[in-house]
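Written below as structure tokens is the structure these notes are about.
The values are calculated or read from the model by the stated rules, or taken from the named source; none is laboratory data. Nothing here was measured: the structure is a model prediction, and the numbers come from that model. Don't worry about glycine lacking a Cβ; one is built from the backbone with ideal geometry, like all the others, and counts go over all protein chains shown.
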Amino acid sequence: MTWIREHWLILFLLIGYTALMARHAIAGKRQTKNLTDYYVGGRSMGGVALGISFFATYSSTNSFVGFAGQAYTYGLPWLLFGPILALFAVIAWRWIAPRLREATETLGSVTIPDFIGFRFESDVVRFAAALIVVFASLLYMTAVFKGAGNLLEAFLDIPYVASIAVVLLVVMSYTAVGGFISVVKTDVLQGTVMMLAAALLFVGTTRAAGGVGSLFAVKDLPGGAALFTWEAAIPFPVLLGILIAGTFKLIVEPRQLSRFYAIKDRRAAGQGMWISASMFLVGYAMLLPLGIYAHHLLPSGISDTDQVIPQLVSSRAVFHPAASAFLVVAMLAAAMSSLDSVLLVLATTCERDLVGLWRPPRSEAQALRATRTYVALLAVITALIALEPPGGIVTLTALSGSIYAACFFPALVLGLFWQRGTAHAVLASFVTGISTLLFWRFVPAGDGIHEVFPALLLSTAVYVGTSIKASPLSTAKDIGLGVR
């Protein structure tokens with residue numbers, strides 16, 4: 001009873017939020033008539049909802065806990081993250097979205113691996129792309145589970161294992177039941193809640209720190225001046241690599257690109273561009289400086305920056321208990337808005353591009369049941385990994401983004417805009433990108449440049465060089481690709 005009295009407000013908000021998720025799951029199930037509905041919303045969704053979903057899918061607990069807290073050590077240069085995010089959102093919606101939408105409908109594609117496989121007429125390429133999606137997505141989901149688990153453990157005083165289990169059950173249930181339509185519906189709610197939470201976090205933190213102008217007063221604190229240099233904690237080229245790895249994924253990551261499969265027309269793509277870019281720019285302008293302001297409010301020497309935001313939110317000197325309760329639920333919403341999308345991508349990839357690729361065709365009803373089973377299975381597997389995560393939130397997120405950037409940029413972006421390309425070129429770019437990411441640390445003086453840059457450059461060069469030796473594919477002409 002004492003525990004309930006201490007945490008009743010958070011519990012009340014969580015129960016209400018979970019009820020809304022259940023409502024959206026039921027609505028999504030009712031609107032799901034076939035596999036295309038379950039996978040990509042029937043390719044008929046509006047730009048406003050998908051724009052908010054694009055923002056919400058990216059902005060997980062990683063953003064609220066990991067990215068916002070990282071400025072505690074990375075300093076002012078870390079604030080470049082927001083403008084770069086907005087830039088890549090514009091690029092994704094303006095140039096990638098319309099072309100990908102048209103090409104995938106022409107080819108009958110509903111996943112990124114099957115698009116790559118159809119585009120280059122190779123089941124081997126499709127299977128390899130699916131393996132990359134599974135591995136990179138598991139890394140990212142682990143980071144999100146870690147953030148959500150730490151959050152519930154800190155604010156509800158329940159063990160980390162139990163915290164992971166709570167998030168697992170909620171996300172697994174509504175994603176499996178409602179599919180893509182349910183995910184987008186919940187993302188709209190979650191994205192709205194996250195923007196409100198970002199504003200509340202910024203106002204509460206800056207007010208407690210002495211006002212917005214107190215940001216630059218951090219220079220006068222012990223060690224504070226270093227936070228306002230280009231190399232506050234790490235060499236700037238390495239920091240820039242982390243920023244690119246964390247933002248480049250907007251144009252290559254399957255959970256983001258799946259929104260483009262669902263847009264109904266080019267007008268909707270324009271709406272999605274303005275909505276998502278504005279939310280990234282405004283939302284992250286409020287979140288990213290919080291780690292710097294925290295130097296006024298928290299003890300010095302915090303080694304784990306993932307704890308900065310939880311400590312601020314739990315401080316009575318910074319936030320009223322009611323505000324803290326809302327922020328906890330909002331950050332859980334952020335976790336769920338990313339987990340549901342990644343889960344759906346993983347499940348569809350397993351059903352269509354791993355197991356399904358080598359199995360006799362199933363009926364739509366059988367495939368739908370199998371996909372829902374994969375949602376549950378993969379959620380459990382990732383939750384178990386998150387019990388002993390292999391790294392911190394920012395580290396896992398950056399690694400996941402680096403893998404997608406190095407492997408999928410040539411096959412996806414050049415595959416859409418350049419007629420010449422072969423299956424051999426794609427496989428060679430995959431191997432080159434992953435090998436460079438793994439072994440760059442052993443290159444002399446390699447620690448001064450983030451591995452995503454050489455990996456992206458070399459994988460693209462290998463793709464282009466290998467493709468130039470071959471003739472254009474007929475598939476390219478089938479989806480309307482000309483020489484660019």
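How many residues are loosely packed, with under 13 Cβ neighbours inside 10 Å and in a helix (DSSP H, G or I) when one looks only at the stretch 208-218?
Residues that pass the stated criteria total 1.
Among residues belonging to the stretch 325-367 that are β-branched (Val, Ile, Thr) and in contact with a Phe, Trp or Tyr (Cβ under 8 Å, 6 or more places away or on another chain), point out the one that is farthest from Ala22 (Cα to Cα).
Only one residue tops the list, namely Thr348.
Pairs, please: C-beta under 8 Å, at least 6 apart or cross-chain, first residue in a loop (DSSP other than H, G, I, E, B) and in the stretch 219-236, second aromatic (Phe, Trp, Tyr) and at pLDDT below 85?
none
Taking only pairs six or more apart or across chains, which ones have beta-carbon atoms under 9 Å, a first residue in the stretch 293-317 that is modelled with pLDDT under 85, and a second residue that is among the hydrophobic types (A, V, I, L, M, F, W, C) and surrounded by fewer than 16 Cβ atoms within 10 Å (Cβ to Cβ)?
From the stretch 293-317, the pairs are Ser300/Leu221.
Yes/no per residue for (1) modelled with pLDDT under 90; (2) more than 26 Å from the chain's Cα centre (by Cα); (3) in a helix (DSSP H, G or I):
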site: Arg420; (1), (2), (3): yes, yes, no
site: Leu427; (1), (2), (3): no, no, yes
site: Val431; (1), (2), (3): no, no, yes
site: Ser435; (1), (2), (3): no, no, yes
site: Pro444; (1), (2), (3): yes, yes, no
site: Phe453; (1), (2), (3): yes, no, yes
site: Leu456; (1), (2), (3): no, no, yes
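Residues checked against (1) in a helix (DSSP H, G or I); (2) under 24 Å from Ile434 (Cα atoms):
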site	(1), (2)
Arg101	yes, no
Val124	yes, yes
Ala136	yes, yes
Ala148	yes, no
Ala154	yes, no
Ile158	no, no
Ile164	yes, no
Val167	yes, no
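Out of all the residues in the stretch 285-316, which are surrounded by 24 or more Cβ atoms within 10 Å (Cβ to Cβ) and small (Gly, Ala, Ser)?
Gly291, Ala294
Restricted to the stretch 250-279, and to residues that are under 16 Å from Phe408 (Cα atoms) and of a type in the set (S, T, N, Q), which residue is surrounded by the most Cβ atoms within 10 Å (Cβ to Cβ)?
Ser258
Within the set of pairs 6+ apart or on separate chains, which have a first residue in the stretch 174-191 that is on the phi > 0 side of the Ramachandran plot, a second that is modelled with pLDDT of 85 or more and crowded, with 24+ Cβ neighbours inside 10 Å, and C-beta atoms under 8 Å apart?
If the second residue must be modelled with pLDDT of 85 or more and crowded, with 24+ Cβ neighbours inside 10 Å, the pairs left are Gly179/Tyr38; Gly179/Tyr39; Gly179/Leu344.
So is Val188 among the β-branched types (Val, Ile, Thr), under 30 Å from Ala103 (Cα atoms) and in a helix (DSSP H, G or I) or not?
yes
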